[in-house]
Amino acid sequence: MDFKFKKKFGQNFLVDNNVIEKIVRESNIMDESLVIEIGVGSANLTKYLCKSSSFVIGYEIDKFLEKHINKNLKSYANYEIIYDDFLKRDINRDVDKYNYKNIYVIANVPYYITTPIIEHIINSGINTTSVVLMVQKEVGDRFCAKPSTKDYGSITVFLNYFYDIKKLFVVNRTCFIPKPNVDSVIIKLESKDRIFVKNEDLFFKLVRDSFRYKRKTIRNNLKEYDLNRIEEVLKEHGYDLNTRSEVLSVNIFCDIANKLS
């Protein structure tokens, strides 16, 4: 490929067609669907998304890729490429002109902005059927972690509040050009009915503060909160204030937030 890869954009292009086909297959794209792709790159994945969906909106920050993308997508007409920073876009405005029954986000995201991208999708309020992302393997392990494991943290609780998360398969670093220093994993985030929380801002702050110091107890991390109320909830679930945050499920954090509201 006649292109100078830019480290500042985290450019590692997926070139293994078997992996690309598997990503699309595992996404289970239904009829009359709109797909959002973040980080189009050379459009290797975009081609397969165009085959499998009614329309694709692709976001690509690097305008210098335009000729490569146009060449790769010359056989298709059901797409729009937006050459802009996805994090600065009004997603609702971008999708508003299209008719669709289902909306998917499928992307090989730049690893250094994985969490901001997910937060931007959540904050947009678009009703995604699912979000399928390729992320750095260790990041995927954190997203999918279970309570009482070393990878479980505030980002795990945050994502599990919004989604059911599955790890689909690992992608070896040799499947990319240029080859990254880490392996990747495909994860699937499926929207779910949220647990009722009276005050989401309080809930998110509570979760962040609970994991402020990883090895400290709830008593130490949340000493600025009403510990008596927190202890009441913990006792209902068989825990106490000497418990560490890493053992508590998203449901318990929701119960604590509601007790404090």
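Has segment 160-172 got at least one residue that is surrounded by 14 or more Cβ atoms within 10 Å (Cβ to Cβ), in the same structural domain as Ile29 (by TED's automatic domain parsing) and farther than 18 Å from Val250 by Cβ?
Yes: one or more hits.
Please specify each residue of segment 186-223 satisfying the condition of being free of Cβ contacts under 8 Å to residues at least 24 places away in the same chain and either under 30 Å from Ile29 (Cα atoms) or not polar (S, T, N, Q) (or both).
Result: Asp193, Glu200, Asp201, Lys205, Asp209, Arg212, Tyr213, Arg219, Leu222, Lys223.
Restricting attention to segment 209-236, which residues are surrounded by 15 or more Cβ atoms within 10 Å (Cβ to Cβ), modelled with pLDDT of 95 or more and under 18 Å from Pro147 (Cβ atoms)?
Within segment 209-236, Asp209, Ser210, Phe211, Thr217, Ile218, Asn221, Leu222, Ile230, Val233, Leu234 meet the criteria.
Hey, does segment 82-89 have a residue that's among the hydrophobic types (A, V, I, L, M, F, W, C), surrounded by 12 or more Cβ atoms within 10 Å (Cβ to Cβ) and touching a residue at least 40 places away in the same chain (Cβ under 8 Å)?
yes
Of these, Glu66, Glu37, Glu60, Glu32, which one is within 17 Å of Thr129 (Cα to Cα) and modelled with pLDDT under 95?
The unique qualifying residue is Glu32.
Looking only at segment 130-159, filter to residues that are over 20 Å from Gly39 (Cβ atoms) and polar (S, T, N, Q); which one of those is surrounded by the most Cβ atoms within 10 Å (Cβ to Cβ)?
In this case the residue turns out to be Thr156.
Taking Thr115 as the residue in question, decide whether it is assigned by TED's automatic domain parsing to the domain that holds Gly39, surrounded by fewer than 20 Cβ atoms within 10 Å (Cβ to Cβ) and more than 21 Å from Gly39 (Cβ to Cβ).
no
Since Ala77 meets every condition but one in (1) of a type outside the set (Val, Ile, Thr); (2) surrounded by fewer than 18 Cβ atoms within 10 Å (Cβ to Cβ); (3) under 14 Å from the mean Cα position of the chain (by Cα), which condition does it not meet?
(3)
For segment 101-121, does any single residue satisfy the condition of being in contact with an Asp or Glu (Cβ under 8 Å, 6 or more places away or on another chain) and under 19 Å from Val182 (Cβ atoms)?
Scanning segment 101-121, I find at least one residue that is in contact with an Asp or Glu (Cβ under 8 Å, 6 or more places away or on another chain) and under 19 Å from Val182 (Cβ atoms), so the answer is yes.
Which residue is farthest from Thr46 (Cα to Cα), if the candidates are limited to segment 118-127 and must be β-branched (Val, Ile, Thr) and surrounded by fewer than 19 Cβ atoms within 10 Å (Cβ to Cβ)?
Per the criteria, the residue is Ile122.
Output yes when any residue across segment 90-112 is in contact with a helix residue (DSSP H, G or I) (Cβ under 9 Å, 6 or more places away or on another chain), at pLDDT 95 or above, surrounded by fewer than 21 Cβ atoms within 10 Å (Cβ to Cβ) and not aliphatic (A, V, I, L, M), and no when none is.
Yes, some residue in segment 90-112 is in contact with a helix residue (DSSP H, G or I) (Cβ under 9 Å, 6 or more places away or on another chain), at pLDDT 95 or above, surrounded by fewer than 21 Cβ atoms within 10 Å (Cβ to Cβ) and not aliphatic (A, V, I, L, M).
Within segment 113-125, how many residues are modelled with pLDDT under 90 and in contact with a Phe, Trp or Tyr (Cβ under 8 Å, 6 or more places away or on another chain)?
Qualifying residue count for the region: 0.
Does segment 228-240 include one or more residues that are assigned by TED's automatic domain parsing to the domain that holds Leu206, assigned to a loop (DSSP other than H, G, I, E, B) and of a type in the set (Phe, Trp, Tyr)? Walk me through it before giving the result.
Kept after step one, since they are assigned by TED's automatic domain parsing to the domain that holds Leu206, are these residues of segment 228-240: 228-240.
From what is left, the residues that are assigned to a loop (DSSP other than H, G, I, E, B) are 237-240.
Narrowing the set further to residues that are of a type in the set (Phe, Trp, Tyr) leaves 239.
Yes, there is a match, as at least one residue in segment 228-240 is assigned by TED's automatic domain parsing to the domain that holds Leu206, assigned to a loop (DSSP other than H, G, I, E, B) and of a type in the set (Phe, Trp, Tyr).
Of all residues in segment 36-57, how many are under 20 Å from Glu119 (Cβ atoms) and part of a strand (DSSP E or B)? Quick ask: steps written out before the conclusion?
Just the residues of segment 36-57 that are under 20 Å from Glu119 (Cβ atoms), to begin with: 36-39, 57.
With the extra rule that they be part of a strand (DSSP E or B), the set shrinks to 36-38, 57.
Of the residues in that region, 4 qualify.
The values are calculated or read from the model by the stated rules, or taken from the named source; none is laboratory data. All figures in this text were calculated on a predicted structure; none of them were measured in a lab. Positions of Cβ are generated from backbone atoms using ideal geometry, with glycine treated the same way; all protein chains shown enter the neighbour counts.
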